[in-house]
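The values are calculated or read from the model by the stated rules, or taken from the named source; none is laboratory data. Because the structure is predicted, anything quoted here is derived from the model rather than measured. Because the Cβ atoms are built from the backbone with ideal geometry, glycine has one as well, and the counts that use them run over all protein chains shown.
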């Protein structure tokens, strides 16, 4: 999914803008992609700095920062959630594209609609089924930091909520006639 150049006219249609709902769907995906990038960069940076400072202090003074071991319990789930959101927003999820590659444009679009509907259903189901875990996490504290573990588990809500919104935006785009998602592995890989 190309999230850039949201308001540009279609090159094949002089001066004609994409409909508002398609620009909105692409804009929402781009916004979630950006949020994932910010969250991922912040988590990775903070974990790296905390680990580096801890190693330096242990080397220099013989004792480190006690909370440096626990901060990863909060930030690593957010880092993973950010990666999931970025991959979903860019349509770079792990996928086997053999069947879509064999289908014609209409059948491919219909298959992608079914896949996005399944992703929406799975995301909503995970959000609903994770409620007991989230309620229990409200009463669990990290021993050194004293922070409730709900802050780490809240990444579930972010990841699967964003995936549901992205799946819905992709459904809108597919129904609006857009759906040429890049399936070339050379272009689609995030590695």
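Listed conditions (1) over 27 Å from residue 138 (Cα atoms); (2) surrounded by 17 or more Cβ atoms within 10 Å (Cβ to Cβ) are all met by residue 81, apart from (1). Of the residues making up the stretch 65-100, those that are over 18 Å from residue 165 (Cα atoms), modelled with pLDDT under 80 and not in a helix (DSSP H, G or I) are 94, 95, 96, 97.
A count restricted to the stretch 84-122 and to residues that are within 20 Å of the chain's Cα centre (by Cα) and crowded, with 16+ Cβ neighbours inside 10 Å stands at 14.
Determine which member of the set 125, 144 is surrounded by fewer than 17 Cβ atoms within 10 Å (Cβ to Cβ) and either assigned to a helix (DSSP H, G or I) or without any contact (Cβ under 8 Å) to a residue 60 or more places away in the chain (or both).
Working: 144 fails: either assigned to a helix (DSSP H, G or I) or without any contact (Cβ under 8 Å) to a residue 60 or more places away in the chain (or both).
After applying the criteria, what remains is 125.
Checked against the criterion of being over 19 Å from residue 160 (Cα atoms) and at pLDDT 90 or above, the candidates 38, 49, 60 yield just one match: 49.
Per-residue answers, yes or no, for (1) surrounded by 13 or more Cβ atoms within 10 Å (Cβ to Cβ); (2) without any contact (Cβ under 8 Å) to a residue 24 or more places away in the chain:
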{"site": "45", "(1), (2)": "no, yes"}
{"site": "57", "(1), (2)": "yes, yes"}
{"site": "69", "(1), (2)": "yes, no"}
{"site": "74", "(1), (2)": "yes, no"}
